[in-house]
Amino acid sequence: MLISLLNIFDGFATHFGLLHNKIEESNPIMHCLWMSSPALFLTVKMMLSISISYLSYLVYKLSSTRFRKLYTTCLLGIFILYLAIFSIHLYWLIVL
């Protein structure tokens with residue numbers, strides 16, 4: 001759930017930063033989505049959050065203990081990455 005929440009924050013913070021020319025989107029896929037439609041950009045970010053939550057539910061409900069441990073390790077790496085992104089967003093939201 002934390003990854004989903006951080007992803008949603010990332011989407012709205014990035015949307016705000018791009019609208020106000022404070023930042024540039026460095027992810028080429030998300031940049032293309034933004035250039036196509038800001039609404040599409042936010043929709044994809046929301047769908048990713050919903051998808052990761054649902055996938056996590058399925059993994060923990062249906063998978064073996066060994067796979068759950070591997071999945072949890074991968075989620076931890078993603079969580080650390082999103083914490084770094086969150087910190088960067090907080091920096092430019094406060095300082096810039």
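Observations on the structure shown:
- Residue match in the range 39-54 (condition: under 17 Å from A13 (Cβ atoms), hydroxyl-bearing (S, T, Y) and more than 11 Å from the chain's Cα centre (by Cα)): yes
- Residue under evaluation D10, criteria (1) exposed (fewer than 13 other Cβ atoms within 10 Å of the Cβ); (2) touching a residue at least 60 places away in the same chain (Cβ under 8 Å); (3) not aliphatic (A, V, I, L, M), criterion not met: (1)
- Residue count, the range 9-37 (criterion: more than 19 Å from L93 (Cα to Cα), assigned to a helix (DSSP H, G or I) and of a type outside the set (F, W, Y)): 8
- Candidates I80, I88, I3: the one that is among the hydrophobic types (A, V, I, L, M, F, W, C) and touching a helix residue (DSSP H, G or I) at 6+ places or on another chain (Cβ under 6 Å) is I3.
- Any pair with Cβ under 8 angstrom, 6 or more apart, that starts in the range 75-87 at a residue that is closer than 18 Å to Y57 by Cα and ends at one that is surrounded by 15 or more Cβ atoms within 10 Å (Cβ to Cβ) and among the hydrophobic types (A, V, I, L, M, F, W, C): L75/I3; I78/I3; F79/I3; F79/L6
- Enumeration of residues in the range 14-41 that are surrounded by 15 or more Cβ atoms within 10 Å (Cβ to Cβ), over 22 Å from L75 (Cα atoms) and of a type in the set (A, V, I, L, M, F, W, C): L18, I23, L33, W34, F41
- Residue check: S53 meets all listed conditions (1) free of Cβ contacts under 8 Å to residues at least 40 places away in the same chain; (2) touching a Ser or Thr at 6+ places or on another chain (Cβ under 9 Å); (3) within 16 Å of L5 (Cβ to Cβ) but one, namely (1).
- Filter result (within 15 Å of the chain's Cα centre (by Cα) and surrounded by fewer than 16 Cβ atoms within 10 Å (Cβ to Cβ)) within the range 55-70: L55
- Inside the range 71-96, residues that are surrounded by 12 or more Cβ atoms within 10 Å (Cβ to Cβ), within 14 Å of L6 (Cβ to Cβ) and of a type outside the set (V, I, T) make up a count of 8.
Read the figures in this text as sums done on the coordinates, not as results from a lab. Keep in mind it's a predicted model, so treat the numbers as computed, not measured. Here Cβ is always computed from backbone atoms with ideal geometry, including for glycine, and neighbour counts include all displayed protein chains.
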